[in-house]
């Protein structure tokens, strides 16, 4: 991915290819297609998102939940809420998703409205509620505090 600092940056996590069971309802292919469109248009500086560290992920989730997720030992009920089968690739993609959102926020001007914040593409959003996760489809557009 070519770097051009004059274009707004967005972050991609689709380098982490999650393997889904046949017939799974999650529309994983759309994230790669979105990245390809963004890349072809050339309007943004598209970057692969680095991984967040577990401590950063633990700012939004219970540290025990993060440790169990990372080790692949979450209870079956928690994995059903996430909606995707556990794998190391899923962990990497989730941690890259967190880092892409924080990277997008860190580059946004303080006066930007929530819709103007640079986004990450190709990531499933997860409801962040202490020790739970759940899928929501869409690009990651971090909200400002208090919204």
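Taking 0.36 nm per intervening residue step and subtracting the Cα-Cα distance, what contour gain separates residue 62 from residue 80 on full extension?
Numbers: separation 18, 0.36 × 18 = 6.48 nm, distance 1.78 nm.
Computed gain between residue 62 and residue 80 is 4.7 nm.
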Discussion item. Which order do the peptides 75-86, 59-70, 90-101, 7-18 come out in when sorted by mean C-beta neighbours inside 10 angstrom, highest first?
Written reply: 90-101, 7-18, 59-70, 75-86
Discussion item. For a quick size check, give me the Cα extents of region 1-94 along its three principal axes, largest first, whole Å.
Written reply: 44, 35, 16
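Just so you know, all these numbers are worked out from the coordinates, no wet-lab data involved. The structure presented is a predicted model; accordingly, all values stated were derived computationally and were not measured. Cβ: placed from backbone, ideal geometry, glycine included. Neighbour counts: every protein chain shown.
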